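Taking it in order: structure first as C-alpha cells, then the write-up.
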Amino acid sequence: MKHIKTLASRSLQESLKKGGCGECQTSCQSACKTSCTVGNQTCEKSRK
Amino acid sequence: MVHQYQNNGYQIALDVDSGSVHLVDDLVSAIISELGRDLSLSDEEMVGKLSARFEKEEILEALSEVRSLISARQLFSEDIYKNAVLDFKARKTVVKALCLHIAHDCNLACRYCFAGEGEYHGRRALMSFEVGKKALDFLVRNSGNRKNLEVDFFGGEPLLNFQVVKDLVQYGRALEKGHDKHFRFTITTNGVLLNDEIMDFCNREMDNVVLSLDGRKEVHDRMRPFPNGSGSYDLIVPKFQKFASERKALGLQYYLRGTFTHYNLDFAKDVLSFADLGFDQLSMEPVVAPKEADYAIREEDLPEIFEQYDLLAREMIRREKEGRGFTFFHFMIDLTGGPCVYKRLSGCGSGSEYLAVTPWGDLYPCHQFVGNEAFLLGDVEKGIRRTDLVDSFKACNVYARKECRECFARYFCSGGCAANSYNFHQRLTDVYEIGCELERKRVECAIMLKAALAEEEPEK
C-alpha cells in the first residue's frame, strides 16, 4: 500500500473463538498494584 | 471505532475493536476522519469533501486502500464481544491468586502509603505460619482445575516476617505435589532488610520480585524516609543493584518500581536515573491519593505528565538504538499477541479470582480494600461469606462503565481499577478520570514506540 503501512494486523475477534481459558495471571500480581493494566500481559497459552 | 493521533512524527490509526495498528499519511487520516462521521460515504462524496486539499486520483487510491482494510476487518471493525464477555464473567470462577499481607508493619514511613505506613489503618500485626498455611490451603481448595497459583508476599514490609515467608514457600511446595498445582511466588519489598541470604532464597523461589525505589535520591528520600525522618536511598540502592544484577544473570524477572507524585512531575528523570544505575526492568506508577493530599496528582498536572511520558518514550527509543535499552512496565504492549479479548474486557479479577488476606486471615477483594470493613468477604478458615460482594466484583467489566464504551484504551486497561473507582466515587463501576487520562497517554506512547522500533527492523 502506498498510503498505509500496517504495523499490526491483529484480530481480537479471533481470540473470541480461542480464548477465555482463564489461566492467565491476575492483573495486579505484576508491577502495578495501583492501576489496572492488561494489555501488556502474556497469554498463558503462549508461555507453553 | 478508530482512534487517530500523532506522536513523535508518527500518524497512527488504531482500530480499537480489532487491535490493528496502521501508520497513515495525511490523506488517509482525513479519509478515516470523514468515515468516522459517516461510514456510508460514497467515493464521489469523499472526493467532494477532500478535493480542496487533495487530488482526485490520490483520494480514490487512498480510499481504495482504506476500504480494503475495512473489508479485512482491520479498520472500523465492530465490538462483537459484549455477550461473550458477560457470559464469561458470569461463569463460576475459581480463586487463582492471593495477596498475602504477611506484615502489617513497616520499617519505613512513606508519606503516600495507602496502607497507613503499613498498618492499613488497623493494628500492627504479623501473619503467623498457621494463618498463612490456612490461606494456601484455602487457595488450593478454591482453585478448581487451575494449575498455576499466584501468591504475592505483600505488606507493609514482608521482610519483617521473613521466616514465615520461607516457611510458607516450603509448605506451598509440599502442597504442589499432592494437588497438581504450581505456586508462582512473588514478593514486594522496600529493600531495607535485604541481605545475601534473602536474595539467594528469592532467586531460588520467587518468580518475580518488586523492588520499591522512587527515583533520584532527593525524590526518594522525600517520600520514603525512615520513621526518624532520615532517607533510605543510600542504604537500599546498592542492595537492589546486587539483587537485580543476580536476577538478570539468572534470567529471572524483577521490577524496580517507583511511585511519582505532584512533587516530582518530572518523573522521566527518575525513571532514567534507574536505568543509569544499571536497572533494566522498570515501572513508575502515578500516586493514587485523596484529592486533598498535598502530593496528589491533579488535573492541572496532566499536561506536564504527558510531556514526561513523551520524553521518556523518545529517550527509550534512543537508548534502545544504542544497545542500552530497558523495559518500562506501562509501555510494554504486545500488538500481535497478548491476552485474549475475554481478559481484556473482563476486569482485573479482584474480589473473585484475586483476593487479599490480612495477617489474621480475613479475606478482602484486593490489597487496596484491606481495612475497609464494608468489604470484608470472609476468612481463610470458613471461606467466603459475602457472596453478594463477590457478585458485585464479578460484575465489574468494561461494559459496566459507560465511560469505557467511548474510550479507545478499553482493551488495554480492562475497565480500570475498582478500588480507584470506589475511592473517588464510592461505586465499583465508575472510573478514576485522572487514571484514565494517564492510561490513554501511555497506550499512545507504547504504540508509537513500537512504530519507531519497527522502523529499525530489516524489511521482511
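For the segment B:246-259, counting C-beta atoms of other chains within 10 Å of every residue's C-beta and taking the mean gives 1.
Leaving ligands and nucleic acids aside, the B/A contact buries around 5200 square angstrom of accessible area in total at a 1.4 Å probe radius. Here the 3J(HN,Hα) profile of the range B:233-239, calculated from phi with Karplus coefficients 6.51, -1.76 and 1.60 at θ = phi - 60°, is 4, 5, 6, 8, 4, x, 5 Hz, Gly and Pro shown as x.
Of the residues B:N264, B:Y81, B:N142, the one whose Cα sits farthest toward the positive end of the charge dipole of the protein assembly as shown, with +1 on the Cβ of Lys and Arg and -1 on the Cβ of Asp and Glu, is B:N142. Between B:V431, B:M1, B:N190, the Cα set farthest toward the positive side of the dipole of chain B (charges on each charged residue's Cβ, about the Cα centre) is that of B:N190.
In a DSSP loop and with at most 12 other Cβ atoms within 10 Å, the trypsin sites (Lys or Arg not before Pro) in the range B:234-327 are B:K291, B:R298, B:R324. Ordering B:361-373, B:12-24 by mean Cβ neighbour count within 10 Å, with the highest value first, yields B:12-24, B:361-373. If only the Cβ of Lys and Arg carry +1 and only the Cβ of Asp and Glu carry -1, the dipole of the range B:92-341 around its Cα centre is close to 1000 debye.
Under the classification rounded if a/c is under 1.5, otherwise prolate if a/b is larger than b/c and oblate if not, where does the range B:214-370 fall, given a ≥ b ≥ c as square roots of the Cα gyration tensor eigenvalues? Each step should come with its number before you reach the end.
Working: a/c = 1.27, a/b = 1.10, b/c = 1.15.
It is rounded, given that a/c, with a ≥ b ≥ c, falls under 1.5.
Accessible surface calculations at 1.4 Å, restricted to protein heavy atoms, place the range B:2-78 at 47 Å² per residue.
Count neighbours as other Cβ atoms within 10 Å of each site's Cβ, and list the chymotrypsin sites (Phe, Trp or Tyr not before Pro) in the range B:246-314 that are DSSP loop with at most 16 such neighbours.
B:Y295
Using only Cα atoms, locate the centre of the range B:74-115 and the centre of the range B:421-460, then give the distance between them in Å, rounded to an integer. That distance is 17 Å.
With the whole protein complex present, B:D200 retains an accessible surface near 80 Å², based on a 1.4 Å probe.
By its C-alpha gyration tensor, with a ≥ b ≥ c as the square roots of the eigenvalues, how is the range B:2-78 shaped: rounded for a/c under 1.5, else prolate for a/b larger than b/c, else oblate? Spell out each step's value before the answer.
Details: a/c = 1.93, a/b = 1.29, b/c = 1.49.
It is oblate, given that a/c is not under 1.5 and a/b is not larger than b/c.
Pairs from the table (B:K343/B:K382; A:K33/B:K248; B:K343/B:K450; A:K33/B:K89; B:K181/B:K239) lying more than 26 angstrom apart at Cα are B:K343/B:K382; B:K181/B:K239. Remark: the B:L60-B:R385 segment gains 110.7 nm on full extension, using 0.36 nm per residue and subtracting the alpha carbon distance.
Going by a ≥ b ≥ c, the root eigenvalues of the Cα gyration tensor, does the protein assembly as shown fall in the rounded group (a/c under 1.5), the prolate group (a/b larger than b/c) or the oblate group?
prolate
Peptide B:20-33 has a mean shielding of 3, counted as Cβ atoms of other protein chains within 10 Å of each residue's Cβ.
Taking trypsin sites (Lys or Arg not before Pro) across the range B:1-84, the ones in a DSSP loop with at most 16 further Cβ atoms lying within 10 angstrom of their Cβ are B:R53.
Whole Å is fine, so just give me how far the alpha carbon centre of the range B:151-165 lies from that of the range B:12-32. Cα centroid of the range B:151-165 versus Cα centroid of the range B:12-32: 47 Å apart.
Shown are B:K394, B:K134, whose ranking by accessible area with a 1.4 Å probe and every protein chain present, most to least, is B:K134, B:K394. Projecting the Cα atoms of B:Q170, B:I12, B:G215 onto the dipole axis of chain B, where Lys and Arg carry +1 and Asp and Glu carry -1 at the beta carbon, places B:Q170 farthest toward the positive end. Over the protein assembly as shown, DSSP H runs of length four or greater, each weighted -39,500 (n - 2.57), average out per residue to a 222 nm ellipticity of -12000 deg cm²/dmol. Averaged over the residues of B:410-422, the number of partner chain Cβ atoms lying within 10 Å of the residue Cβ comes to 3. Once the C-beta distance of A:S46 and B:N203 is scaled by a Förster radius of 35 Å, the resulting FRET efficiency is 0.90 to the nearest 0.05.
Overall, the accessible surface of the range B:92-341 at a probe of 1.4 angstrom is composed of carbon and sulfur to the extent of 50 percent.
The values are calculated or read from the model by the stated rules, or taken from the named source; none is laboratory data. All of these numbers come straight from a predicted model, not from anything done at the bench. Neighbour counts run over all protein chains shown; Cβ positions are idealised from the backbone, glycine included. Just so you know, the surface numbers come from the protein's heavy atoms only, side chains and all, with ligands and any DNA or RNA stripped out. Shrake-Rupley method; radii C 1.70, N 1.55, O 1.52, S 1.80 Å.
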